[in-house]
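All remarks here apply to the structure that follows.
What follows draws every value from the coordinates through simple rules; no lab data is involved. Since we're looking at a predicted model, the values are computed, not measured. In this analysis, Cβ positions are derived from the backbone assuming ideal geometry, glycine residues included, and neighbour counts consider all displayed protein chains.
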Amino acid sequence: MMTSGRSALSLLALLATSSCRVIPAAAPWRYSLEVTRLNNGMNVLFDGVHHPETADFKLNFGPGYVRMLDGTDALVLRCCVNVTGCSTTDNPDVITFVKRSREPLDLARLQQQFERNSFDKVILRPEGLEEQCGVQDPRITVDPSTKTYWLSYVAFGGSSPNSCNEVKTKFATSKTPEIASSWQRVARTGDSGFDEKSTALLIRSQPPHYQFTGTGTVRSWQSQDLLHWTQPEVLLQGRPDSFDPGYVEAGAPPALLADGNYLVTYDTVLNNVSPIIGPCKEGVCGGWAAGWAVLNGSNPRQVIQRGMEPLFVPVMPWEQGPVRGSDWAWTQLPAVGSTNGLQHIGNDTFLAWGCGSDAVVEAWVLRVSKWAGSSTVHESPTTDQLVE
């Protein structure tokens, strides 16, 4: 689904505001993130089970975000028709494209502002054995210079009929993204590993362009033409003494900050604890969660700061579904992740698009603050990690 500064990180329904302390600044700049759930914590969208008026599909998750060239906000969603048997040849994942109305953004009415995720919104279906079990985990961005939309997705399938045991990243492009027939799969090449599972793309005004790829470890790659990818370097990996000790997975395409650096997200498994045991047991929390980092705007392959606390952890009923039972027992696994989209809404403030339990879409507001290192910094006791 996924080095010294401090972050003031607020997790609604999880963390209370801490008393402040003064910490000497040790580096030129540092960032803090404040996280807020929408609608007093009820931040669920596209719930096809409880609110079928929002979607024809029972499972709607893994959202990617793009601002279209005409200014329209849109999501690409990973969907399965039925609750049971998702990501199989009988119930493969498909990808849909849904747009928000052009009226001013209203966070209290966000679901109502989006189109219904109906069957006719499908833009990509499985083709061939490599995709027979699903097209998954979409991330989307646009190249303004060519007016081309680039969709990365995970092909899930195998080398023989009905086999679901192989994954790889593929791409498709379109100039009219809401029209399914306009999407064309793209042949790409690169050094070994360039097409591993999960890829976020950064298209720059001038090459090189960058992609961030991988599960377990996220690596960065560069390209002059978006088709041939070379020179892999480790970008993010597990940190033994942190919440993300073993597994990280590429998240959203980098989002530009006001100072020219980039905010990125990634998925992780909390404390390397299998999600099956549930989010927390005897003080140890597990399940899928999300982290964050800031990349150097001049060299996006360099991490200049990385959070020491997760952005989101599975604490709500729809995020703990299978272990909480009740109305959410039908969801797939204890998780909050697939943070595959960051939507800029002003002043270094973003909507982070993710999902709960691989079943419903979620959205949070992220507010990024930048602190000057030339003076002391007033912060809460939570910390983050800064790469000197």
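Would you mind getting me the FRET efficiency between Ala187 and Arg125? Use the beta-carbon distance for r and R0 = 22 Å, nearest 0.05.
Values: r = 19 Å, r/R0 = 0.86.
The computed FRET efficiency comes out at 0.70.
Using the alpha-carbon centroid of each, what span in Å lies between segment 291-359 and segment 60-109?
Each part's Cα centre sits 16 Å from the other's.
Calculate, in nm to one decimal, what Val83 and His50 gain on full extension: separation in residues at 0.36 nm each, minus their alpha carbon distance.
Computed gain between Val83 and His50 is 10.7 nm.
Taking θ as phi - 60°, what are the ³J(HN,Hα) couplings along segment 228-235 by the Karplus curve (6.51, -1.76, 1.60), each to the nearest whole Hz, with x for Gly and Pro?
For segment 228-235, the Karplus curve yields 10, 10, 9, 6, x, 9, 5, 9 Hz.
Could you compute the net charge surrounding Val218? Neighbours are other residues with a C-beta less than 15 Å from the C-beta of Val218; K and R count +1, D and E count -1.
Numbers: positive: Arg139, Lys197, Arg219, Arg239, Arg301, Arg306; negative: Asp137, Asp195, Glu196, Glu233, Asp244, Glu249, Asp267.
Here the count lands on -1.
Quick one: length gained pulling Ser298 to Ser118 fully straight, 0.36 nm per residue minus the C-alpha distance?
Numbers: separation 180, 0.36 × 180 = 64.80 nm, distance 4.13 nm.
Between Ser298 and Ser118, full extension yields 60.7 nm more.
Residue by residue through segment 348-354, what is 3J(HN,Hα) from phi via Karplus (6.51 cos²θ - 1.76 cosθ + 1.60, θ = phi - 60°)? Round to whole Hz and write x for glycine and proline.
Karplus-based 3J(HN,Hα) across segment 348-354 equals 6, 10, 9, 8, 9, 9, x Hz.
Could you tally the net charge around Pro52, taking each other residue with its Cβ under 14 Å from the Cβ of Pro52, Lys/Arg +1 and Asp/Glu -1? Kindly include the intermediate steps, with their values, before the conclusion.
Values: positive: Lys58, Arg116; negative: Asp47, Glu53, Asp56.
Net charge in that neighbourhood comes out at -1.
Count the DSSP beta bridges whose two residues both fall in segment 21-386, then state the antiparallel fraction as a percent rounded to the nearest 5. Display every interim value, and only then the final one.
On the way: 101 of 107 bridges.
For segment 21-386, the DSSP antiparallel bridge percentage is about 95.
Give the calculated FRET efficiency between Asp90 and Gln206 to the nearest 0.05, with a Förster radius of 45 Å applied to their Cβ-Cβ distance. Don't skip to the end; give the middle numbers.
Values: r = 46 Å, r/R0 = 1.03.
Once rounded, the FRET efficiency stands at 0.45.
As a footprinting exposure proxy, order Leu257, Leu236 by other Cβ within 10 Å, with the fewest listed first.
Working: Leu257 18, Leu236 24.
By the 10 Å Cβ count, ascending, the order reads Leu257, Leu236.
Show the residues, 5+ positions off or on another chain, whose built amide H is closer than 5 Å to the amide H of Ile345.
Placed amide hydrogens put Phe350, Leu351 under 5 Å from Ile345.
Stretch Ser160-Ser101 to full length: gain in nm at 0.36 nm per residue minus the Cα-Cα span?
Values: separation 59, 0.36 × 59 = 21.24 nm, distance 4.29 nm.
The Ser160-Ser101 span can extend by a further 17.0 nm.
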